[in-house]
1. Among Leu14, Leu49, Leu108, Leu94, which is the only one that is over 30 Å from Tyr176 (Cα atoms), at pLDDT 95 or above and of a type in the set (A, V, I, L, M)?
2. Out of Tyr165, Tyr141, Tyr161, which single residue is farther than 26 Å from Glu79 by Cα, without any contact (Cβ under 8 Å) to a residue 60 or more places away in the chain and in contact with a Lys or Arg (Cβ under 9 Å, 6 or more places away or on another chain)?
3. Test Phe144 against the stated conditions and say whether it is aromatic (Phe, Trp, Tyr) and either under 16 Å from Leu94 (Cα atoms) or at pLDDT below 85 (or both).
4. Looking at Pro64, Pro59 in this structure, which one is at negative phi and modelled with pLDDT under 90?
5. If the requirement is being β-branched (Val, Ile, Thr) and within 14 Å of the chain's Cα centre (by Cα), which of these qualifies: Ile92, Ile54, Ile60?
6. Among (1) farther than 19 Å from Lys134 by Cα; (2) surrounded by 14 or more Cβ atoms within 10 Å (Cβ to Cβ), there is one condition Ser26 misses while meeting the rest; what is its number?
7. Just one of Ser177, Ser155, Ser171 is part of a helix (DSSP H, G or I), hydroxyl-bearing (Ser, Thr, Tyr), under 28 Å from Arg45 (Cα atoms) and modelled with pLDDT under 75; which is it?
8. Do we have any residue at all in the stretch 72-87 that's closer than 22 Å to Pro11 by Cα and crowded, with 20+ Cβ neighbours inside 10 Å?
Amino acid sequence: MNILLHICCGPCTLYPLKILCQKGLSVTGFFFNPNIHPFTEFYKRVEALKSVSILKKLPIIWHPTGYGLNEWMEKLEGEFSFGKRCLKCYEIRLEEAAQKAKELKFDLFSTTLLYSKYQLHEAIKEIGLKKGEKYKINFYYEDFRLGWKDGINESIKLGIYRQAYCGCIFSEAERYSNKINKLKKEFVESNGGVL
């Protein structure tokens, strides 16, 4: 059976790809991630996935949109809070994956988002199943988080770029916000409670 695997990044591909191949599935990757910002991060992730594609002989379908921050922001429809924006983002990406899988006559589709322990796993599963029903194509579900450490170790061994945030402009801001708050707290504590 042929499966179209929506891919969020190179490192998150390694473990799901291994499992799907062990199960005898013929895997083709699909890169569609208009959420990734800034462009330099988008470029690093594209290059990392190209490396995985070569090393693992994984064919990739690259969505023609490429870097699509403006379109992605419009599709979020003002849902910028954590959780709500994530659900919208999953919808956007899994909708496109299901459509592409149906259009190209794949038997199944899935996503590497199911690998990350930082994503809203049950929501991804639910959205994937709904998109499968909508496009009349089966969504392949597996809890790839079980191989979290394996995937990390393999990406380090292969020297694949590993990102420090999910990719969206909001998660990047939150990542730095947490660092800034920590530094502020340390500064206040070291100055007798004075900012």
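The values are calculated or read from the model by the stated rules, or taken from the named source; none is laboratory data. Treat the numbers as computed from the prediction; the structure is a model and nothing was measured. Cβ coordinates were reconstructed from backbone atoms using ideal geometry, including for glycine residues, and neighbour counts include every protein chain displayed.
1. Details: Leu14 fails: over 30 Å from Tyr176 (Cα atoms); Leu49 fails: over 30 Å from Tyr176 (Cα atoms); Leu94 fails: over 30 Å from Tyr176 (Cα atoms).
Unique residue meeting the criteria: Leu108.
2. Tyr141
3. Answer is no for this residue.
4. Just a single option satisfies the conditions, and that option is Pro64.
5. After applying the criteria, what remains is Ile92.
6. (2)
7. Step by step, each of Ser177, Ser155, Ser171 is checked, and only Ser177 is part of a helix (DSSP H, G or I), hydroxyl-bearing (Ser, Thr, Tyr), under 28 Å from Arg45 (Cα atoms) and modelled with pLDDT under 75.
8. Yes: one or more hits.
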